[in-house]
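Step one of this worksheet: look at the structure below.
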Amino acid sequence: MTATPARLNGLQRGALGVVLAVFALTWIAPQHPFEQGMHSVLTVVGLLWLWSHHRRWPIGDAHFVAICVFMLAHCIAARWLYSYVPYDRWIQTLTGGWSLDQAMGWQRNHFDRLIHFLYGACFAPALREYFRQRWPALSPRQAFALAVAAIMCSSLVYEWLEWAIALTLSPQDAESYNGQQGDIWDAHMDMFLATLGALLAWPRRRGA
């Protein structure tokens, strides 16, 4: 633990500023204010955690920016309740008509899958570094294993929380909030993708 609280450097302030700007923009004329607000609670909690955690356990620039990338994607997902992010329309606009959904044969909106994958990929490196700071005796492999386990456990707890919240809502509101899109294995796939993202974040540099 550092003797004095660490401060954000220029790059970190810039990354955090971009997230805050996009967060504000996504709240202009919200289409689903109640559901977006429920999802946005996680964004606010995450940003507060990032700031307070960095003060006590400094996060490297690359890891800090990676977490901000996840927060940015989460802001966009919350705006369109995950299930309605028009990513395929954006791709068609940029490419002159090419459709990712058609090319992949997808029948559902997969932006929520991307969010869960990014959760694992963007948080695992920072968690690994945190465990090495907290317990210096850990080897890189041991710290990485703990980071993957933390991603898996937190993904499970999130799915439990999502399920518990859905029980308090009407069937229609629960479907809008959960974004299962008729997939009975949605929670399983979400947890798997978060784990896969974490596993793929294994550092390639020897001795890292």
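The values are calculated or read from the model by the stated rules, or taken from the named source; none is laboratory data. Everything numeric here is computed off the predicted structure, so don't read it as measured data. Counting neighbours? That spans all protein chains shown, and the Cβs are built from the backbone with ideal geometry, glycine included. Note: areas computed on protein heavy atoms with side chains; ligands, DNA, RNA excluded. Shrake-Rupley method; radii C 1.70, N 1.55, O 1.52, S 1.80 Å.
Quick rundown of the values:
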quantity	calculated
List Phe34, Phe117, ordered by accessible area with a 1.4 Å probe, largest first	Phe34, Phe117
For the chain, the longest site-free run once trypsin sites (Lys or Arg not before Pro) in DSSP loop states with at most 14 other Cβ atoms within 10 Å are removed	8-203
Estimated FRET transfer efficiency when R0 is 45 angstrom, pair Gln181-Trp202 (beta carbons, to 0.05)	0.90
Candidates Leu25, Leu94, Leu72, ranked by Gaussian network fluctuation over the chain, Cα under 10 Å, top entry	Leu94
Shape of region 79-169, Cα gyration tensor, a/c cut at 1.5	oblate
Percent carbon-and-sulfur accessible area, the chain, ignoring ligands, DNA and RNA, probe 1.4 Å	67
Vicinal HN-Hα couplings computed from phi for region 67-74 (Karplus, 6.51 cos²θ - 1.76 cosθ + 1.60; Hz; Gly/Pro x)	5, 5, 4, 4, 4, 4, 5, 5
Value in Å of the Kirkwood radius, where the chain supplies the Cα pairs that are averaged	18.4
In degrees, nearest ten, helix 33-56 long axis to first principal axis of the chain (Cα)	10
Distance in nm between pseudo-label sites at Arg108 and Arg141 (7 Å out along the Cβ direction from Cα)	3.6
